[in-house]
Structure formats: structure tokens, C-alpha cells
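Here the structure is laid out as C-alpha cells; the discussion comes afterwards.
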Amino acid sequence: MKILNFFYENAPKFEIDYERKVQISQANIILKGPKKSGKKTLIFNYLSQFKPEEILFLNLSDIRFEKESLKQLGVFLQNHHQIKILCLYDLDFTLDLQDIKIPIIVSTDKKDLHFKDFKELWLDYFDFEEFISINKKNLPINHLVGLFLQTGRSELSQKNDLLKQSFNFLELEILKYLAKNLGQQISISKLFLELKTKIKTSKDSVYHAIKELENRYIIYPIMHGEKKLQKIYFRDFGLRNNLCIYKDFAHLFENVILNELFKFQEDFFYNKYFHFFSKELKIAYISSPTLDIDLIKIRARKIVSKALELGIYNVIFITLSSEDSFLEQGVKFEILPFDKFALGF
């Protein structure tokens, strides 16, 4: 009871900070997303409508919190009838909540954590449109694109110390390998053999660590459209530059595009013709940051038959500044600068 009472009497200040596209509209939800994606701010915005004495906010990542105290949660709430809403922040394990009679908000960075009868709400890192809105910088759009590419989507991509705090040694070595091989087909066996020359580990440990990084919304595998091959990207493209010193803008730009495609909440695939495509949406994307329009048109004529074979009728080349559109055998080809692509959803 003492722990629960401490957190109740020392609650954080719940006030509106900034708005996100995603909003909490009801309780009894589980809010999912990566660390540093803004889950706490979103929750605070929702809780600001309550009086402080009506809220029990338990931050399970606070080192002062003790898991055992949750066994007394039901009794504590019965003794404090003024509490109207419960928030379990940064929960990473299952918990019996059936006896809790008041509305509950759960937040987690675990994709595989589920609660019966809870609606799931997904919060991603900032997209480009939110980045512009939150930064409120009165700059030309090309400068804002440059700033976005430089800073990334979260604090994790800006502060090296946060990486050391957020990941163990094996996870960091895996992330560094993925950063150096961004946009390349990844073989877990090859990754394991390289890691074994640096650290003592097992193949099972490497597989488990990769699955855990995916489960925590840090990495995002893309499968080949026809073969058992995969590429692994970051959910925050900015992580790449915080993990290695090698310059590789072409593959970084691919990651930037993929991060914007998360808004579709659809499965995308890749092959040697398209960086990302969806048969469901009948659309494909090609990252071409610096290719000029004439060369793009030549490439379009070479890949139009493959687009038709996959049932794709819209192919979009994403560039830094070029813009055009044309038809080729019934397939619409568009050339869009990144800002128009990202702001056009």
C-alpha cells in the first residue's frame, strides 16, 4: 500500500503539451508504440480532463516502483473511491485486471502484450507532417526536409547515451550491424558469424534478440515478394546515423520512405524492381533521391511489365526535388519530391 500511496500522492502534472494525429478517446485501451514515441504525452493530454485526486498513474519503469505492490491494487482502489481512472504506464508483463472496476489505460512498448476486452491503439514516432507541426519552425519546406533527415523521428536517434540505456550489449551490436547493412538482404546466419568474432553469443541468443527488437518496435523486417529473403529497416530512420559513421544516403532515404508508409498500416514487400510494394493497395514505391526525370522515365519503361504482372497500377518514384507524372501501358507513374509524398497522405 505504501508504494501505491506514494505514486498517488506524487502524481506527475497532467497538462496538454502538443497534439498528435492519434488521440485517446476512451479508456480501457492499451496504447502501444516504441519508447520515446510520445505515449506519455498522449496519456497526459487525456488525463488533463480529470482532477489530480481522480487519477492513479503508476509508472512501472520508475525504479522506485515495486511490482509486488500491484497485488494490493484492488484493495487500494476500494479504499480510494475518488479515483476515477487508472493508468499503468510502461507495462511489460501480463496482469489480471478483471477485478478493477474503473477505466484503465495501459501503455507498453511490447507488440505481443494483449488484454482481453481492451481496445489497442498504436502510436508511431513522428511522421514528417507532425515533425513540422511540433517544431513550428518558419523555414522553407526544403530546409524542413533537411532538418527532418538530420534529426530523425525520436530522441533515440539524437542522443547516443539513450542507446546505451535502452539496449544491452548484444542488441547494440546487432543494431550496429543492421545500420551498416541498411537496405541490404539480411542473413541471420551471416550476422551471427560476424557477431561471434566480437562477442561470446549463440545463434539462439541472436535470433531471440532480433525478435525482441522487432517486438519492441525498434526494427522492421520487410520480406521479399517471392523468396524467403528479408531486409531489416529501423522504425526511426535516424537511428542509423547514431549507430555508425558510414555515409549511405541512398539506403537511409529508403528507410525514410518506409517510415512514412507505416501510416497505411499495411504489409509491404520488396523485390529487385521495387523498394516497397503492396498487391492489396496495387501500388509500388521506388526511392530515387537524386535520379533525374529522364533516367527515371527510362527505368519506368523497363519495369512496367513487372508492375502489370504484380497487378500494380501506380508506381511512385520519391525524389528530393523532381516532380512529374505520366502513363505507360495503363500504369500511372508519378515522380514526387519527398515533402509532397509525405504530406499527401
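The values are calculated or read from the model by the stated rules, or taken from the named source; none is laboratory data. Note that the coordinates shown come from a computational prediction; the quantities given were computed from them, not determined experimentally. Methodologically, a virtual Cβ is constructed for each residue, glycine included, from the backbone with ideal geometry; neighbour enumeration extends over all protein chains shown. To get the accessible areas, we keep the full protein, side chains included, count just its heavy atoms, and leave off ligands, DNA and RNA. Shrake-Rupley method; radii C 1.70, N 1.55, O 1.52, S 1.80 Å.
Just the residues that are open to solvent by 80 Å² or more (accessible area, probe 1.4 Å) and within 15 Å of Ser107 (Cα to Cα), please, taken from region 7-34. If you could, list the steps in order and put the result at the bottom.
So in region 7-34, the residues open to solvent by 80 Å² or more (accessible area, probe 1.4 Å) come out as 9-10, 13, 15-17, 19, 21, 25-26.
Result: Ser25, Gln26.
Exactly one of (1) open to solvent by 30 Å² or more (accessible area, probe 1.4 Å); (2) assigned to a helix (DSSP H, G or I); (3) within 22 Å of Glu155 (Cβ to Cβ); (4) polar (S, T, N, Q) is unmet by Ser61. Its number?
Going through (1) open to solvent by 30 Å² or more (accessible area, probe 1.4 Å); (2) assigned to a helix (DSSP H, G or I); (3) within 22 Å of Glu155 (Cβ to Cβ); (4) polar (S, T, N, Q) one by one, Ser61 breaks only (2).
Residues checked against (1) in a helix (DSSP H, G or I); (2) on the phi > 0 side of the Ramachandran plot; (3) touching a residue at least 60 places away in the same chain (Cβ under 8 Å); (4) over 27 Å from the mean Cα position of the chain (by Cα):
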position: Phe14; (1), (2), (3), (4): no, no, no, no
position: Ser25; (1), (2), (3), (4): no, no, no, no
position: Lys35; (1), (2), (3), (4): no, no, yes, no
position: Leu42; (1), (2), (3), (4): yes, no, yes, no
position: Leu73; (1), (2), (3), (4): yes, no, yes, yes
position: Gln82; (1), (2), (3), (4): no, no, no, yes
position: Lys101; (1), (2), (3), (4): no, no, no, yes
position: Lys110; (1), (2), (3), (4): no, no, yes, no
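Of everything in region 148-165, what is crowded, with 19+ Cβ neighbours inside 10 Å and among the polar types (S, T, N, Q)? Give them in sequence order. Even if it seems obvious, please write down each step before you answer.
First, pick out the residues of region 148-165 that are crowded, with 19+ Cβ neighbours inside 10 Å: 148-149, 152-154, 156-157.
Hits for region 148-165 are Ser154, Ser157.
When you check Leu56 against the structure, is it aliphatic (A, V, I, L, M), surrounded by 15 or more Cβ atoms within 10 Å (Cβ to Cβ) and part of a helix (DSSP H, G or I), yes or no? Steps first, please.
On the way: aliphatic (A, V, I, L, M): yes; surrounded by 15 or more Cβ atoms within 10 Å (Cβ to Cβ): yes; part of a helix (DSSP H, G or I): no.
No, not satisfied.
For (1) under 28 Å from Arg20 (Cβ atoms); (2) assigned to a helix (DSSP H, G or I); (3) out of contact with any helix residue (DSSP H, G or I) (no Cβ under 8 Å at 6 or more places or on another chain); (4) touching a residue at least 40 places away in the same chain (Cβ under 8 Å), each residue gets a yes or a no:
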| residue | (1), (2), (3), (4) |
| --- | --- |
| Tyr207 | no, yes, no, no |
| Lys227 | no, no, yes, no |
| Tyr246 | no, no, no, yes |
| Val256 | yes, yes, no, yes |
| Asn259 | yes, yes, yes, yes |
| Glu280 | yes, no, yes, no |
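Tell me which of these Val145 doesn't satisfy, since it passes every other one: (1) part of a loop (DSSP other than H, G, I, E, B); (2) open to solvent by less than 40 Å² (accessible area, probe 1.4 Å); (3) aliphatic (A, V, I, L, M).
(1)
Among the numbered criteria (1) in contact (Cβ under 8 Å) with a residue 60 or more places away in the chain; (2) open to solvent by 50 Å² or more (accessible area, probe 1.4 Å); (3) under 24 Å from the mean Cα position of the chain (by Cα); (4) over 28 Å from Leu239 (Cβ atoms), which single criterion is violated by Phe115?
(2)
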